[in-house]
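Below is one structure, written out as structure tokens, with a few remarks after it.
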Amino acid sequence: MTLDSIKKRITTYLSSAKRWPLIVDFPARKDLADFIEYFNVGDNKILSADSFCREDGTFKPEEFINTIGNNEGNTFVVGVTAFLKLQGEAYTKNTLKTILSKSISGHIVVVTYQCRNFLKFADVRFFERNQVLLIDGERDTASDICLINPALVDAFPGSYSGFAKLGNAFEKEGQRTIYIATDVVKSSFGHSILNIIQMSNSYDLLCDKDSRTKTVPNTFGTAEQWNAALKLMGLNGDWTTVVESVFGSIYSLSDSVGQYNNFDDSKKWLYFIALSIFGTKNGYLQHSVYHAANYKELCKSLFRSILVVEHTADEFAQLYAERKEILKNFVDSLDEAVDYCKVLSVKEDRAIYYLTDLTQPEKERVFEWLNVYGHSYTPGNLADILRHIYPDLSNYLSSFRFRNGLLDSYFESYKYQKVINRILPSFELIVDAQSRELSFVDILPARSAIVDKLDLDQAHAYFFDALGVEYLGYIQAKCNQYGLSANIMCGRCELPSLTCFNKDFVITCESMGCAVSDIKSLDEIKHHGENSFDYQKVKTPVYLISELEIIDTLLKNIRANIYGGHLAKAVIISDHGASRLAVLHETETLWRMATDGIHSGRCCPQNEIDAKPDSAIEAEGFWVLANYDRFKGGRKANVEVHGGATLEEVAVPIIEITRKPINIEAFITSESKVVTLGAKEFPTIKIFVGVKSSSIAIRIGDKFYDAEKTAEDYLYEVKLPDCTKKGKYTFDILNGSDTLASSILFEVKKKGMSEVSLFDFGG
């Protein structure tokens, strides 16, 4: 029957003398709602099924049936269908039959929803009296019933509180699932025709709302945490909407790891769940999530999960790089860093590959490793290993070309021994030899001779106390990194290598109108063991961490002043260097002098009683030791010493720093592109470099050749004693460690007989 025809029949029934109930069944909610609205007028009474529910919301069928029997007036009953179907097919059919069999006073219309199959009775009286009216039309999809814990009602906007609401909700809702917050349990309805889902906790509900929840164990969150997620998800949301509302796109979760330490606990948990469900393009972050038991373990896992991967594995380099980038945001997690460094002992000699330079504990752990295992590697090997692990320390160890073979090999070996914390017997022999030969007198010009020639116009000088030449490789690398040009020169200080004898350059600079700033922090570390860097307590050279940072800070400040237009040139000048190896030597000389040694026994005032030791130099009324001995009476050193005459104490840098030109032009002159050699000759080429520097060189393969200045500015000459064979050669032009031009070609040819006159006897 059509809806209109049903309306007419009901209207006629309500004004008739008939005293039996009617049942009108609807296949679709829309028509049902239209019907109720149509008859909800005048004296007609709309009676809801929740009127027949107990305190817990369950249906009371007896009261319902009695109400029908005692009805007076015109009454429409709605919302009973769900309660009937919950009890099963037989119960539904019997109850409907009981309704139709009732004798009543007044008129009563029971409205049902999708009960057509249960209204087929053998008693033909029901149909003869038109007690069963069936609306034609397509069936709606009936809703599922989801019973949820009342504590979860706030998580579902639009959910119903109380089981009594079920009847009306079932006939009015168009949602796929109707959520009813109730203590009534599914097990009460073993014969139910309706599909019932029991959700006792938020996790189950989340699984029902978004099946991706099942990829995360329930144990990953507390009830409160799952409740909070459920609230965020709302009635129609899913994990995608939740994550996007909090962290942005699900495809860029790795971008949020930098803010992780700023998240509160609830957000940290949600972030961990999001990563667990959606994953991330960052391989190491995903790796860490996989190895974390819960969100509280994520930070620890970010530090430690790298340990399950062997450093020789193909994926290690990528994971290491991603880990280091992530942990830049966790430098304040010192407890984790400390614990990580402890656990790292399981890697033994491989531990170095799992360290970074991001935290103080890790840097100190690097030096602990070097102390135990460093001697098994060459200086070059260590520099290569540390290049990605601790770049600053790698730069410190990198070779600086002094343009002198002795200085090159000496300081490469010195730095190596400093970081591995031991003196090599072969090196000690070199030091002893130098204490007699004193090669530095001929190799290095006096510092004053260099300072006198400096152009200090618009310059600012920095008196960097105790800055030895050992740091030049590091300084050169940092200047390249900061876009600075460093013209580095090396000289010798006055003996004894004490500040009081080496401040003449300050007066020279000031006389030229150049302001001078004192930098004493490096010297303070070496003298007083600043920040607990005391050799008597900590044997490893961890103080080098702070030394490099001090130098870096100055270079950054210089860069800021130069790039900010406040300074055209900076000049760094040192008074003297210092020796770590003299501290490691740990032995006093047998020399007992009439006067006590000073500066940890590195020098001693002369006296008329004693003779000068063979390893000492006489200077300024002092005997100055040129090896690693100590005069008796001097206190043990805390960190490093100076006052003596070893190369590391005597050699000092003078560094001119300017802004690096954007593009420094560098090329071989045309006449040098082809060099013709006679017997026993070697080529000399000329190159143009658009910068004045004492560090210009060329590199052919793995060999370096220093360039010498000519009478013309920017024109340099390079002698190549190893390139005597006929053929073509390629080279790079360098300024310090900075490559200015690459793969430049020149050719060597030999003079042939046709090019030499047999009768040319020189006149």
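The values are calculated or read from the model by the stated rules, or taken from the named source; none is laboratory data. None of the values given here were measured: they were computed from a predicted structure. With ideal geometry, Cβ positions are generated from the backbone for all residues, glycine too; neighbour counts draw on all protein chains shown.
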Any residue in the stretch 281-291 that is of a type in the set (S, T, N, Q) and farther than 17 Å from D255 by Cα? no
For the stretch 418-456, what are the residues that are part of a helix (DSSP H, G or I) and more than 22 Å from C493 (Cβ to Cβ)? V419, I420, P425, S426, E428, L429
Any chance T739 is in the same structural domain as I687 (by TED's automatic domain parsing), within 15 Å of R401 (Cβ to Cβ) and modelled with pLDDT under 95: yes
Selection within the stretch 31-51 - assigned to a helix (DSSP H, G or I) and either among the polar types (S, T, N, Q) or touching a residue at least 24 places away in the same chain (Cβ under 8 Å) (or both): D31, L32, A33, D34, F35, I36, Y38, F39, A49, D50, S51
When you go through (1) under 25 Å from S439 (Cβ atoms); (2) under 47 Å from the mean Cα position of the chain (by Cα); (3) modelled with pLDDT of 95 or more one by one for K709, which number turns out not to apply? (3)
Report, ordered by the first and then the second residue, all pairs with beta carbons closer than 7 Å, sequence separation of six or more or different chains, a first member in the stretch 702-721 that is assigned to a strand (DSSP E or B), and a second member that is surrounded by fewer than 11 Cβ atoms within 10 Å (Cβ to Cβ). none
Tally of residues being crowded, with 20+ Cβ neighbours inside 10 Å and either of a type in the set (D, E) or assigned to a helix (DSSP H, G or I) (or both) across the stretch 210-246: 9
Give me the helices (runs of 4 or more DSSP H) completely within the stretch 289-389, filtered to those with at least 1 residues that are crowded, with 19+ Cβ neighbours inside 10 Å and in contact (Cβ under 8 Å) with a residue 60 or more places away in the chain, ordered by residue number. 316-327, 360-373
Single match in I545, I550, I573 (criterion: touching a residue at least 40 places away in the same chain (Cβ under 8 Å), assigned by TED's automatic domain parsing to the domain that holds V431 and surrounded by fewer than 22 Cβ atoms within 10 Å (Cβ to Cβ)): I545
Per the list (1) within 30 Å of A637 (Cα to Cα); (2) surrounded by fewer than 20 Cβ atoms within 10 Å (Cβ to Cβ); (3) charged (D, E, K, R), residue check on E510 breaks on (1)
Please specify each residue of the stretch 28-73 satisfying the condition of being surrounded by 16 or more Cβ atoms within 10 Å (Cβ to Cβ), out of contact with any Phe, Trp or Tyr (no Cβ under 8 Å at 6 or more places or on another chain) and within 23 Å of R139 (Cα to Cα). A28, D31, S48
Condition met for L270 (part of a helix (DSSP H, G or I), at pLDDT 95 or above, under 19 Å from V216 (Cα atoms) and in contact with a Phe, Trp or Tyr (Cβ under 9 Å, 6 or more places away or on another chain)): yes
Determine which member of the set K636, K632, K612, K680 is more than 53 Å from the chain's Cα centre (by Cα), within 28 Å of P425 (Cβ to Cβ) and modelled with pLDDT under 95. K612
Which one is modelled with the highest pLDDT, of the residues in the stretch 538-553 that are among the charged types (D, E, K, R) and within 22 Å of K636 (Cα to Cα)? E547
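Quick one: count up the residues across the stretch 367-392 that are within 17 Å of N480 (Cβ to Cβ) and either in the same structural domain as S737 (by TED's automatic domain parsing) or of a type in the set (A, V, I, L, M, F, W, C) (or both).
Final tally of qualifying residues: 1.
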Condition check for G190: touching a Lys or Arg at 6+ places or on another chain (Cβ under 8 Å), farther than 12 Å from L270 by Cα and in a loop (DSSP other than H, G, I, E, B): no
When the stretch 633-672 is examined, which residues are found to be crowded, with 23+ Cβ neighbours inside 10 Å, among the polar types (S, T, N, Q) and not in a loop (DSSP other than H, G, I, E, B)? none
Have a look at D123, D208, D136 and point out the one that is touching a Cys at 6+ places or on another chain (Cβ under 8 Å) and not small (G, A, S). D208
Go through the stretch 435-450 residue by residue and tally those that are under 48 Å from the mean Cα position of the chain (by Cα) and within 19 Å of R403 (Cβ to Cβ). 7
Are any residues in the stretch 321-372 of a type in the set (S, T, Y) and within 21 Å of N261 (Cβ to Cβ), and if so, which ones? S333, Y340, T356, T359
Yes/no for V185 being among the aliphatic types (A, V, I, L, M) and either over 30 Å from Y113 (Cα atoms) or crowded, with 17+ Cβ neighbours inside 10 Å (or both): no
Examine the stretch 583-598 for a residue that is more than 23 Å from H528 (Cβ to Cβ), of a type outside the set (D, E) and modelled with pLDDT of 85 or more, and state whether such a residue exists. no
Within the stretch 680-701, work out how many residues are free of Cβ contacts under 8 Å to residues at least 60 places away in the same chain, closer than 19 Å to K725 by Cα and either in a loop (DSSP other than H, G, I, E, B) or touching a Lys or Arg at 6+ places or on another chain (Cβ under 8 Å) (or both). 5
Picked from the stretch 673-709 (must be among the hydrophobic types (A, V, I, L, M, F, W, C) and over 18 Å from G736 (Cα atoms)), the residue surrounded by the fewest Cβ atoms within 10 Å (Cβ to Cβ) is A679
